[in-house]
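Engineer: Quick one: structure below, then a few questions.
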Amino acid sequence: MRSQAPPSAPSGGLEGIAEFDFGRAARRGYPEAVLCEGKTMDHLVAIARAVGDRSSSNGHEPLGTILFTRASPDQAEAVCRELPGAVHDPVARMVAWPGPAPEPSGGTVLVLCAGTADIPVAREAWLTAQHLGRPAELVVDVGVAGLHRVLARVDQIAAASAIVVVAGMDGALASVVAGLASAPVVGVPTSVGYGAALDGLAPLLSMLNACAPGVAVVNIDNGYGAGHLAAQIAASG
């Protein structure tokens, strides 16, 4: 019989706001993240305070690095006030606590960013993989409009244990990279592009229809989800 999952840890004074999964790091190896977007400042501060209080309490397992994603400048400032030692990346809109990233282990996660406009999502994926404990590399502006740029990275692609491809517009880079790589590819469609890109729907459909096998696709602009999946894939090297 399968063992029963452990019960949720106490919510730490968050009744009516959240039920933070303090036991996730012990259960899954990775802690819960906090999506800041859509939360009121009071709710976000309460969650950050509960995380800090739980970490400082005696007798509890370490929480691991808690990531606060999609944080506005004001939200990031508030989280950093509650959690001294937190690291804020304004481009990725991410706060990590405690920072910096832990000593890396496992295989390398390679994040390939098609264009400069895709950098915020690519950095979110790259930093997520780093804070989950993987060595991670970020390569920018290797979209298919200049195919020589990605072909120049063939050795780097071959050495990776997991690859994240971040692309808007036609999203074709995911198929190209999957045709060059032995490692799994995680495609991240972005909302970058002109009218018919449909705020990321066009690259999403393109990646879902990739002709090269070995491509998994996360939601539009979901750099965190891609970085997390790639970190799990690369955990054993």
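Taken together, the values in this text are just the output of simple stated rules run on the coordinates, not laboratory data. Values in this document were obtained by computation on a predicted structure and should not be read as measured data. Neighbour counts run over all protein chains shown; Cβ positions are idealised from the backbone, glycine included.
Engineer: Taking the Cα centre of the stretch 109-236 as origin, sum charge times position over the Cβ atoms of Lys and Arg (+1) and Asp and Glu (-1), and report the length of that vector in debye to the nearest 20. Each step should come with its number before you reach the end.
Structural biologist: On the way: 4 positive and 8 negative charges, 44 e Å.
Roughly 220 debye, rounded to the nearest 20.
Engineer: Quick one: R153, R28, fewest Cβ neighbours within 10 Å first, how do they rank?
Structural biologist: On the way: R153 17, R28 12.
Going from least to most buried by this count: R28, R153.
Engineer: Could you please state, rounded to a whole Å, how far the C-alpha centre of the stretch 122-159 is from the C-alpha centre of the stretch 15-46?
Structural biologist: 29
Engineer: If I model a spin label as a point 7 Å beyond the Cα along the Cα-Cβ vector, how far apart are those points for V91 and A159 in nm?
Structural biologist: Label-label distance for V91 and A159, simple model: 2.1 nm.
Engineer: Moving on. Please report, for the Cα atoms of the chain, the Rg to one decimal and the Dmax as a whole number; what are they, in angstrom?
Structural biologist: 18.5, 55
Engineer: Also, quick follow-up: Would you mind ranking E15, E124 so that the residue whose beta carbon has the fewest other beta carbons within 10 Å leads the list? Don't skip to the answer; put the middle values down first.
Structural biologist: Numbers: E15 9, E124 28.
Sorted ascending by nearby Cβ count, the order is E15, E124.
Engineer: Then there is this: Please quote Rg/Rh for the stretch 109-236 to two decimal places, taking the Kirkwood radius as Rh and restricting both calculations to Cα atoms. Please report the intermediate quantities before stating the final value.
Structural biologist: On the way: Rg = 12.7 Å, Rh = 13.7 Å.
Computed over Cα atoms, the ratio is 0.93.
Engineer: I want to check the label-to-label distance for D53 and T116. Put each point 7 Å from Cα in the C-beta direction and report it in nm to one decimal.
Structural biologist: Once both label points are built, they end up 4.6 nm from each other.
Engineer: Take the Cα atoms of the stretch 24-97, build their convex hull, and give its volume per residue in Å³.
Structural biologist: Numbers: hull volume 6.0 nm³, N = 74.
With only Cα atoms used, the stretch 24-97 gives 82 Å³ per residue.
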